[in-house]
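*Asks:* Dumping the structure here so I can ask a few things about it.
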Amino acid sequence: MSGSTPAFPASTPYGAPQPVGPVARPKQVEIAFWLFLGAALVSLISLIVSVATFPAVRDTALKQIDAQGNSDVLDPSTIDAIVTTSFVVGIVFAVLWIALYVLFAIFVRKGHGWARWVFVALSALSLFGILGQYGLGALQAALLIAGTLLTLIPVASRQFFAAARANRLAKRNVA
């Protein structure tokens, strides 16, 4: 049936989110953004410290295996390869982790509410490393928790994320 009108309209304006225009970012969200970047910087510093101390850690691990009398199970070159491979994998994951901190911080700054919940999870996970990283774990956890609370608790932050979401939904419905 060409030329006939559909029984139902393709879209309805009822209930569609209306854009609220440009939304001013509250200072709490801006501070949270910088706290999240600070947590990424702490991770980077921790990574640099780990790289600098790797030779001593590797030597200590090899000495402990020797002291336990287990050096005949695996030869030292195999143990050294295992330790070095584990270290390289750790570096790769640390770099990815730092990049994700920065990426999620940018999404928080843009007003994406889901990124706040990612930082809730990251804050909770950071508590497991609070005693590690030469005391940097505690600093990182504090930065993450403070930033997360700034995006969740103040009314201005919640209103910002709601308005930013409404703008994105309105743009999606217009297109």
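Readers should treat all values here as calculations from the given coordinates under stated rules, not as data from a laboratory. Computed from a prediction, not measured in an experiment: that's the story for all the values here. Positions of Cβ are backbone-derived with ideal geometry, glycine not excepted, and every protein chain shown enters the neighbour counts.
*Asks:* Under 21 Å Cα-Cα from LYS27, which lysines qualify once same-chain neighbours fewer than 8 residues away are excluded?
*Replies:* Of all the lysines, those that pass the test against LYS27 - Cα under 21 Å, at least 8 places apart if same chain - are LYS110.
*Asks:* Here is a follow-up. Give me the angle, in degrees from 0 to 90, between the Cα long axis of helix 136-152 and the longest principal axis of the Cα atoms of the chain, rounded to the nearest 10.
*Replies:* 10 degrees
*Asks:* Taking 7 Å along the Cα-to-C-beta vector as the label spot, tell me the ARG158-LYS110 distance in nanometres, rounded to one decimal.
*Replies:* Inter-label distance under the simple model: 2.5 nm.
*Asks:* Measure nothing fancy, just the Cα-based angle from helix 27-67's long axis to the longest principal axis of the chain, in degrees from 0 to 90, nearest 10.
*Replies:* It is inclined by approximately 20 degrees.
*Asks:* For the range 27-167, with the dipole built from +1 on Lys and Arg beta-carbon atoms and -1 on Asp and Glu ones, taken about the Cα centre, which of ALA40, ILE130, GLY111 lies farthest toward the positive end?
*Replies:* It is GLY111.
*Asks:* So if I place +1 on the C-beta of Lys and Arg and -1 on the C-beta of Asp and Glu, and nothing else carries charge, what would the dipole magnitude of the chain be about its Cα centre? I want it in debye, nearest 20.
*Replies:* 1340 debye
*Asks:* At what distance in nm do the modelled label points of LYS63 and LEU41 sit from each other, each positioned 7 Å from its Cα along Cα→Cβ?
*Replies:* 3.5 nm
*Asks:* Same structure, new question: For the residue pair PHE87 and LEU169, what label-to-label distance in nm results when each label sits 7 Å from Cα along the Cα-to-beta-carbon direction?
*Replies:* Distance between label points: 5.2 nm.
*Asks:* Compute the helix-to-body angle for 76-110: its Cα long axis versus the longest principal axis of the chain, expressed 0 to 90° and rounded to tens.
*Replies:* It is inclined by approximately 20 degrees.
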